[in-house]
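The values are calculated or read from the model by the stated rules, or taken from the named source; none is laboratory data. Here the structure is a predicted model, which is why all the values come from computation and not from measurement. We place every Cβ from the backbone using ideal geometry, glycine too, and count neighbours over all the protein chains shown.
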């Protein structure tokens with residue numbers, strides 16, 4: 001595996017990944033009524049959660 005641990009994540013990437021997971025959980029919770037919506041509709045939270053999933057995928061892909 002090229003000398004890299006498969007699950008090793010650089011600290012800044014780990015922080016960024018954690019931030020995206022937190023966003024995903026919050027937006028999905030807001031869509032389902034478990035969290036505050038800040039007066040945004042479900043479609044906005046859906047869109048934001050999908051965006052955060054895309055960012056998370058990119059962060060994880062950078063780790064090989």
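Selection of the range 42-54 for residues being within 8 Å of the chain's Cα centre (by Cα) and either at pLDDT below 95 or surrounded by fewer than 12 Cβ atoms within 10 Å (Cβ to Cβ) (or both) yields only 54. If you go through the range 5-18 and keep only what is surrounded by 13 or more Cβ atoms within 10 Å (Cβ to Cβ) and either part of a loop (DSSP other than H, G, I, E, B) or modelled with pLDDT of 95 or more (or both), you end up with just 9.
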